[in-house]
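Heads up: the structure comes next, in structure tokens.
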């Protein structure tokens with residue numbers, strides 16, 4: 001029976017699944033980043049950054065439900081949008097996936113669904129163009145005993 005998933009690093013899980021999608025990795029050639037975000041030496045290019053926005057377990061299912069904020073970068077609005085489309089295509093295929101994480105924990109991803117966005121934005125401090133969106137991942141830990 002699945003366990004709730006409290007031993008799962010959810011950002012590690014989503015990053016591992018995204019980095020396994022060759023089309024997304026190719027489109028986001030600048031990298032796919034998790035917390036704390038883009039590296040301090042990042043130069044604007046096509047890239048994806050994700051950050052957890054919290055979540056809770058279900059009272060009816062032994063699963064976690066976590067929302068992630070998604071930032072798809074590009075040198076132009078069109079480039080950022082192409083990264084966003086590649087991200088959506090990647091998460092659209094993430095259902096009933098199993099992934100072994102650091103420490104040997106096996107995670108089961110039931111689904112990843114887009115929840116908000118896309119919104120085209122420009123970072124006021126850097127002038128970088130990006131598309132903001134949000135997705136929700138439903139996952140649990142699998143008992144392999």
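Counting only residues that are assigned to a strand (DSSP E or B) and surrounded by 13 or more Cβ atoms within 10 Å (Cβ to Cβ), which one in segment 54-65 is modelled with the lowest pLDDT? For segment 54-65, the residue satisfying everything is 57. Within segment 108-119, residues that are within 17 Å of residue 17 (Cβ to Cβ) reach partners that are outside any strand (DSSP E or B) with beta carbons closer than 6 Å, at six or more positions or on different chains, in the pairs 108/142; 109/94; 112/91; 112/94.
Checking each residue in segment 111-130 for being touching a helix residue (DSSP H, G or I) at 6+ places or on another chain (Cβ under 7 Å) and surrounded by fewer than 17 Cβ atoms within 10 Å (Cβ to Cβ) picks out 114, 120.
In segment 89-110, of all residues being surrounded by fewer than 17 Cβ atoms within 10 Å (Cβ to Cβ) and within 14 Å of the chain's Cα centre (by Cα), the one that is modelled with the highest pLDDT corresponds to 89.
Looking only at residues in segment 118-139 that are assigned to a strand (DSSP E or B) and under 10 Å from residue 71 (Cβ atoms), which one is farthest from the chain's Cα centre (by Cα)? Step by step, filter segment 118-139, then rank; the result is 121.
Results for (1) more than 23 Å from residue 139 (Cα to Cα); (2) part of a loop (DSSP other than H, G, I, E, B); (3) modelled with pLDDT of 95 or more, shown as yes or no for each residue.
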{"site": "8", "(1), (2), (3)": "no, yes, no"}
{"site": "18", "(1), (2), (3)": "no, no, yes"}
{"site": "24", "(1), (2), (3)": "no, no, yes"}
{"site": "36", "(1), (2), (3)": "no, yes, no"}
{"site": "42", "(1), (2), (3)": "yes, yes, no"}
{"site": "45", "(1), (2), (3)": "yes, yes, no"}
{"site": "48", "(1), (2), (3)": "no, no, yes"}
{"site": "52", "(1), (2), (3)": "no, no, no"}
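The values are calculated or read from the model by the stated rules, or taken from the named source; none is laboratory data. Worth saying up front: this structure is predicted, and the values here are computed from it rather than measured. So basically every Cβ, Gly included, is an ideal-geometry build from the backbone, and we count neighbours across all protein chains shown.
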